[in-house]
1. Beyond 22 Å between alpha-carbons counts as too far, so tell me which of 49/90; 49/84; 58/105; 121/174; 144/174; 49/174 fall in that bin.
2. Between residue 43 and residue 119, how many nm apart are label points set 7 Å from Cα along the C-beta direction?
3. State the extension gain, in nm to one decimal, for the chain segment bounded by residue 87 and residue 65, taking 0.36 nm per residue of separation less the distance between their alpha-carbons.
4. Using 0.36 nm per residue, how much length does the chain from residue 143 to residue 34 gain when fully extended, once their Cα-Cα distance is taken away?
5. Assuming 0.36 nm per residue, please report the length gained on full extension of the stretch residue 73 to residue 162 beyond their Cα-Cα distance.
6. Karplus couplings for the range 105-121 from phi (6.51 cos²θ - 1.76 cosθ + 1.60, θ = phi - 60°), rounded to Hz, Gly and Pro as x?
7. Could you run the Karplus curve 6.51 cos²θ - 1.76 cosθ + 1.60 with θ = phi - 60° over the range 175-182 and give me ³J(HN,Hα) per residue in whole Hz, x for Gly and Pro?
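Derivation of every value follows stated rules applied to the coordinates shown; laboratory data play no part. Values in this document were obtained by computation on a predicted structure and should not be read as measured data. Cβ: placed from backbone, ideal geometry, glycine included. Neighbour counts: every protein chain shown.
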Amino acid sequence: MTSLIVCLALCSISRADEPVAVTNTLPEYRIGIDDVLDIAVWNVAELQKTVPVRPDGKISLPLVNDVVAAGLTPMELRDLLTKKIATYVKDCDVSVVVREIRSLKVSVIGQVRTPGRYDIKGPATVFDALALAGGFTEFAARRKITIIRQSQRLRFDYDAAIANGSVNNNLFVKPGDIVVVP
């Protein structure tokens, strides 16, 4: 019985310090809070607007009022707006263009020259985030970088990524990530 309890206890220990397998593919862009969108409905001048995504994740347009945009891809928002506007405008052709990306923010803290929260304008890697923070201080533990992503903790070894020279070893950061350099 004692060995069963010890076995169960050992199996339940968290392994947060171990590297997590991460796919390094570019995610499809999702609209975020503070982004600025150009919305146009072909041949309907009143429905050609440049709109910000509000803190509640919604945009406001004539006819359809408030529509949730945050979390959708531009194509998903286009399809949603087409359905909503179609009750007022026959055969409507809606376009959604992301004019400004303002929602991609990454924090870099610890042993970097300029710790802080940084806006990223498109796909960015850990290298990019570290460059925005001015690089390492002389005390940085470059082999023990951690990326905090929601409930995950991802390990990143800067020296190994540089030595391998492979883009696959340079993780893409995601909005809300915190890069910790001990």
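1. On the way: 49/90 19 Å; 49/84 16 Å; 58/105 19 Å; 121/174 11 Å; 144/174 19 Å; 49/174 28 Å.
Violating the 22 Å Cα-Cα cut-off are 49/174.
2. It is 3.8 nm.
3. On the way: separation 22, 0.36 × 22 = 7.92 nm, distance 1.34 nm.
Contour length minus the Cα-Cα distance gives 6.6 nm.
4. The span from residue 143 to residue 34 would gain 35.8 nm if fully extended.
5. Between residue 73 and residue 162, full extension yields an extra 28.7 nm.
6. 10, 10, 9, 10, 10, x, 7, 10, 5, 9, x, x, 9, 10, 7, 10, 8
7. x, x, 5, 10, 9, 10, 10, x
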